[in-house]
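Chemist: Sharing a structure, written as structure tokens. Questions coming.
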Amino acid sequence: MDPVKILKRAWHILWSYRALWVFGLILAMAGASTSANGSNNGTRYETDSQRSQQQLPEDMRQAFKEAGQEMEKVFNEGLPDVGISKEDVSTLIWIAVIFVLLSLILGIVVAIARYVAETAVIRMVDEYENTGSKMTVREGFRIGWSRTSWRLFLINLLVNLPIILTMLLLLVLGIAVFLSVSQGNEQPAMFMIISSIGILFLVIFVVAIVSIFLGLLRHFFWRACVLENLGVSDSLRRGFQMARENWKNVGIMWLVMIGLGIVWAIVSVIAIIVTIPVVVVTAVAGALVAVIPALLAGGLTSIFLNGWLPWIVGVLFALPLFFTIAFSPWLLLGSWQTVFTSTVWTLVYRELKALPALTPQDGDASALPVTN
């Protein structure tokens, strides 16, 4: 396998196959850059645990008690210093619940779009390599909307299972410490905190290593599922077998992609600085477009709230649309990187799958190269 050849081919496909950019934008908005998945999780969790360790109050029981008293005071009296009454607090809570529900619905829609786009990009690149024909965006959505997208979600869920279990472990430890402190068991609580921190660092280290390894294998799991139309368990076996039998080529390509990721990070910083004037223009356009939902949300909440609160609520509801339009040039840069990375791994899978067929078999004279 020639990594340089694969990179050149992926670069050519990126710039000649513009329909892929649409799906790249979806992946960029969903935060699905495969080159960064799992690589920073361990560092982030470790930083959070260190920060929480540094911010622990000296008397946690007293701190929880004071926080509870303050919350009860807000519910009973509101915030008179800033002009928020008790009724306004109740209304704001209901608005926050509605906002969370809308965010969950939007998250589900984005997640569905992500896996449809993942499936579409892989299949469109494979079809282009097989036949040389380019699909339209509509055709891409049609081949992406399939059971395979659901299987990609399940595979990704299994790949991220160590991180999910780690988060559940943090939640359980936090609840255990809270209950211990709230019941007045200070010495057992301190012992539990110290032992939990030690266990946490060990778990974070192991999960970081496992997540990086699974993040690499996910490229092969997904492509086995999409290109060979396999189920979840068969895709896991096939992808692992493909990576294990070609571990040298896979390792070299992985190191090459890490190097390209570093280069891309440097180029991205330069590109972001250069495109700031463009972002200023798109920010103005985003503000003009976001005014409409802001006015609608503000006008609707003004029925229940008074003063400046409705307009704060309207701005909060319009912010996602504003940020999407304002930073669309940077999203486009992210979409190029996402499509290029996905294309590279699709070409790698195709090359590795073709390697056994290109290897001369014992006793097959026709498969041997002709020499002069």
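Chemist: Determine, for 270, 26, 312, the number of other Cβ atoms within 10 Å of each Cβ, and report the residues in order from fewest to most. It would help to have the intermediate numbers written out before the result.
Modeler: Working: 270 9, 26 23, 312 14.
Least to most surrounded, the residues fall as 270, 312, 26.
Chemist: Would you mind computing, in nm to one decimal, how far apart the modelled labels at residue 112 and residue 244 are, each placed 7 Å from Cα along Cα→Cβ?
Modeler: So the two model labels end up 3.7 nm from each other.
Chemist: Using the 10 angstrom Cβ neighbour count as an exposure proxy, how do 282, 131 rank, fewest first?
Modeler: With the fewest neighbours first, 282, 131 line up as 131, 282.
Chemist: Oh, and also: Is any residue of the range 237-275 close enough, with backbone N under 13 Å, to a label point placed 7 angstrom from the Cα of residue 11 along the Cα-Cβ axis, and if so, which?
Modeler: Answer for this model: 260, 264.
Chemist: Based on the Cβ-Cβ distance of residue 105 and residue 267, what FRET efficiency does E = 1/(1 + (r/R0)^6) give at R0 = 51 Å, to the nearest 0.05? The partial results should precede the final answer.
Modeler: Details: r = 36 Å, r/R0 = 0.71.
My answer for the efficiency is 0.90.
Chemist: Can I ask one more? For all pairs of alpha-carbon atoms in the range 87-167, what percent lies in each bin of width 5 Å, listed from the first bin to the last filled one?
Modeler: Calculated P(r), rounded to whole percents: 3, 13, 14, 15, 14, 11, 10, 8, 6, 3, 2, 1, 0.
Chemist: Here's something else I'd like to know. Sorted by average packing, counted as other Cβ atoms within 10 angstrom per residue and highest first, what order do 333-344, 102-113, 221-232, 2-13 take?
Modeler: So the peptides 333-344, 102-113, 221-232, 2-13, ranked by packing, come out 333-344, 221-232, 2-13, 102-113.
Chemist: OK, next. At residue 355 and residue 302, where each label point lies 7 Å from the Cα along Cα→Cβ, what is the point-to-point distance in nanometres?
Modeler: 6.6 nm
Chemist: When the Cα centres of the range 230-249 and the range 267-293 are compared, how far apart do they sit, in Å?
Modeler: For the range 230-249 versus the range 267-293, the Cα centre distance is 42 Å.
A short reminder: the numbers here are calculations on the coordinates, not readings from a lab. As the structure is a prediction and not an experimental result, all values here were calculated from the model. Don't worry about glycine lacking a Cβ; one is built from the backbone with ideal geometry, like all the others, and counts go over all protein chains shown.
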